[in-house]
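Asker: Submitted below is the structure of interest, expressed as structure tokens.
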Amino acid sequence: MIPPVQPNFKSHFTELLRQTLSEMGPLDAGINIEFARPRQASHGDYACNLAMQLAKPLRRNPRDIAALLANVLSTSPYLEKIEIAGAGFINLFLTTSIKQQFPRYVLENGEKFGHGNTGAGKKIQVEFVSANPTGPLHVGHGRGAAFGASLANVLAANGYDVTREYYVNDAGRQMDILALSTWLRYLELNGVTSRFPDNAYQGEYVRDMARLIYKAHAGLYVHKPDLLFEDMPPEADANIATEAQLDALIANAKKLLGQDYAYIHNLVLTEQLGDCRNDLMEFGVVFDTWFSEQSLFDSGGVAHAVQLLEQGNYLYQQDGAKWFRSTDFGDEKDRVVQRENAQFTYFASDIAYHLNKFERGFERVIDVWGADHHGYIPRVKGALQALALDPAKLEIALVQFAVLYRNGKKAPMSTRSGEFVTLRELRQEVGNDAARFFYVLRKSDQHLDFDLDLAKSQSNENPVYYVQYAHARVCSVLEQWGEDPAALVTVDMSSLTNPMELSLLQKLIDYPEMVEAAAKELSPHLIAFYLRELAAEFHSYYNATRFLVPEIPLRLARLGLVAAIRQVLSNGLSLLGVSAPVKM
């Protein structure tokens with residue numbers, strides 16, 4: 001009798017060996033049970049090097065240990081044979097009948113195929129993008145959005161209770177600069193002109209917001225603009241406004257506008273946050289929570305976090321400011337949490353935000369940051385440790401910038417006015433699917449060269465087109481067949497015996513293991529790699545094989561196989577936020 005299909009053979013074999021390891025007594029924590037896919041089919045479906053890892057601590061010949069482990073694995077009903085090779089590799093060969101059952105298992109599970117329960121309902125938060133709402137999202141933000149959304153999908157597919165969160169930096173200086181920039185452009189519309197600061201926000205979107213205010217309120221917010229430049233610090237350069245001058249302009253604007261400043265500030269925040277939200281929604285990126293930084297100040301959360309650090313003797317005063325002893329936790333220098341003017345720093349609100357995450361009951365927190373924030377990791381983890389929280393529960397996934405290429409040459413990343421190419425512009429040029437797929441084609445912490453011409457091409461060299469075309473080809477085959485694909489669930493697959501078919505069956509078996517690995521390693525690019533490989537194998541099979549053959553059992557078996565391939569392509573693309581077209 002053929003045993004029921006095991007959704008994850010690696011997990012099954014691991015469990016068999018784990019019991020044996022526990023009986024061997026305490027071993028080095030660095031010993032891992034791993035099953036890899038051999039490069040050569042003659043070496044089996046899985047290979048394990050555990051015997052060689054155990055040789056030194058057990059002081060035994062690795063081949064002898066391999067024989068012992070092979071004896072344990074032989075109890076599995078899914079194995080046809082086991083071979084010991086070389087110094088002690090264990091090569092496992094699945095039974096052909098088990099492989100032939102797998103398309104049925106895929107079709108029975110449908111959209112849920114590949115999902116697992118390694119997360120066991122654990123509450124996990126993925127915070128990503130979190131760009132300052134001071135302008136349109138650019139192509140760098142796009143990579144973080146695609147990566148974070150795909151990672152959250154992969155974690156959810158592994159049984160985690162995932163919350164997708166955007167941290168809104170709505171407090172602090174950058175929002176004040178945007179409010180000032182908009183007000184200055186609004187004054188221009190009212191005939192009040194002055195030199196616009198070089199270090200204010202320059203984009204056309206600032207003028208657009210100024211026009212909104214002017215259209216709705218005309219000259220209502222023109223408050224003594226002649227006093228705007230009072231008590232300004234001296235210029236270091238006659239042509240360049242200093243940061244101190246910008247801060248003085250902000251202070252004067254707040255004083256002149258009084259309570260009306262809040263209107264300007266809230267309008268620019270609402271406009272930019274709304275634009276950001278719409279841009280991301282159009283990109284297929286949706287958040288469960290938009291968490292306000294300002295709420296941490298309003299609730300006293302920042303003051304509370306700083307107080308806890310002070311109570312733990314992790315702060316000291318110097319030059320009127322309060323400093324966190326971050327060097328005690330591996331940082332290169334101590335960090336200010338409260339300035340001499342009693343204002344809290346951005347780092348202080350960041351500490352409060354991470355404390356808040358764990359207070360909300362998340363058992364694991366993943367932050368997706370730009371690679372330029374690498375140096376920020378020790379101080380944040382150090383603050384968590386100082387607050388008696390486990391810093392290992394905070395994981396940082398770093399995302400490198402994407403570089404655009406057109407006609408084989410690096411494309412300008414900014415327009416003539418100094419604005420970055422926006423995510424919306426990229427999406428309009430190459431489409432959402434190409435953008436989502438290309439962004440996750442490489443590991444997030446590696447540089448990404450984004451070839452705009454390739455992303456738009458309809459060729460085998462375009463990876464997203466190649467994968468989507470495989471899905472559309474299967475749909476075409478099933479349409480030619482003309483019957484209900486649901487009937488293929490019960491088809492006998494025993495006639496799938498040629499090498500291409502057996503290889504495709506093994507590829508289907510690999511999918512749940514790949515989804516689990518992508519979650520474990522925080523690496524959704526593994527799904528993209530897998531889909532390219534599956535598509536390549538399918539296209540070769542398609543070009544070499546007739547599906548609608550006269551022999552009905554063989555015809556149905558092949559149709560069942562390609563229907564299962566279609567389901568896996570669709571499932572994998574869905575995790576990456578990419579559509580699976582029926583026709584192309």
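The values are calculated or read from the model by the stated rules, or taken from the named source; none is laboratory data. Because the structure is predicted, anything quoted here is derived from the model rather than measured. With ideal geometry, Cβ positions are generated from the backbone for all residues, glycine too; neighbour counts draw on all protein chains shown. For accessibility, only protein heavy atoms count, side chains too; no ligands or nucleic acids. Shrake-Rupley method; radii C 1.70, N 1.55, O 1.52, S 1.80 Å.
Asker: Only helices (runs of 4 or more DSSP H) wholly contained in the stretch 414-507 count here; list those with 2 or more residues that are open to solvent by 50 Å² or more (accessible area, probe 1.4 Å), within 24 Å of GLY148 (Cα to Cα) and of a type in the set (D, E, K, R).
Answerer: 423-430
Asker: Still on this structure, I have one more. If a residue has to be among the aliphatic types (A, V, I, L, M), part of a helix (DSSP H, G or I) and either in contact (Cβ under 8 Å) with a residue 24 or more places away in the chain or touching a strand residue (DSSP E or B) at 6+ places or on another chain (Cβ under 9 Å) (or both) to count, how many in the stretch 195-220 make the cut?
Answerer: Going through the stretch 195-220 one residue at a time, the tally reaches 5.
Asker: Looking only at the stretch 390-410, how many residues end up being surrounded by 15 or more Cβ atoms within 10 Å (Cβ to Cβ) and part of a loop (DSSP other than H, G, I, E, B)?
Answerer: Total satisfying the criteria: 2.
Asker: Would you please name the residue that is nearest to the chain's Cα centre (by Cα), looking only at residues in the stretch 125-154 that are open to solvent by 10 Å² or more (accessible area, probe 1.4 Å) and among the β-branched types (Val, Ile, Thr)?
Answerer: Only one residue tops the list, namely VAL129.
Listed here are the residues, each with its yes/no results for (1) open to solvent by less than 20 Å² (accessible area, probe 1.4 Å); (2) assigned to a helix (DSSP H, G or I).
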position: PRO38; (1), (2): no, no
position: MET52; (1), (2): no, yes
position: ARG60; (1), (2): no, no
position: ALA66; (1), (2): yes, yes
position: ALA70; (1), (2): yes, yes
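Asker: While we're on this one: Looking at PHE347, PHE287, PHE297, can you tell me which residue is open to solvent by less than 30 Å² (accessible area, probe 1.4 Å), under 30 Å from PRO136 (Cβ atoms) and in a helix (DSSP H, G or I)? Steps first, please.
Answerer: Numbers: PHE287 fails: in a helix (DSSP H, G or I); PHE297 fails: open to solvent by less than 30 Å² (accessible area, probe 1.4 Å).
Exactly one of PHE347, PHE287, PHE297 is open to solvent by less than 30 Å² (accessible area, probe 1.4 Å), under 30 Å from PRO136 (Cβ atoms) and in a helix (DSSP H, G or I), namely PHE347.
Asker: Between GLU243, GLU310, which is within 21 Å of ALA200 (Cα to Cα) and open to solvent by 70 Å² or more (accessible area, probe 1.4 Å)?
Answerer: Numbers: GLU310 fails: within 21 Å of ALA200 (Cα to Cα).
The conditions single out GLU243.
Asker: Can I ask one more? Only one of these is open to solvent by 20 Å² or more (accessible area, probe 1.4 Å), within 27 Å of ALA519 (Cα to Cα) and not hydrophobic (A, V, I, L, M, F, W, C): LYS122, LYS81, LYS56. Name it. Write out each step before concluding.
Answerer: Values: LYS81 fails: within 27 Å of ALA519 (Cα to Cα); LYS56 fails: within 27 Å of ALA519 (Cα to Cα).
Result of the check over LYS122, LYS81, LYS56: LYS122.
Asker: Still on this structure, I have one more. List, please: which pairs have Cβ atoms under 6 Å, are six or more places apart or on different chains, and start with a residue in the stretch 103-128 that is within 28 Å of TRP290 (Cα to Cα) and end with one that is of a type in the set (Phe, Trp, Tyr) and in a loop (DSSP other than H, G, I, E, B)?
Answerer: Correct list of pairs: GLY119/TYR160; LYS122/TYR160; LYS123/PHE362; ILE124/TYR160; GLN125/PHE362.
Asker: A further question on this structure: Output the strands (runs of 3 or more DSSP E) that fall wholly within the stretch 305-344 and possess 3 or more residues being more than 37 Å from the chain's Cα centre (by Cα), or say none.
Answerer: Hits in the stretch 305-344: 315-318.
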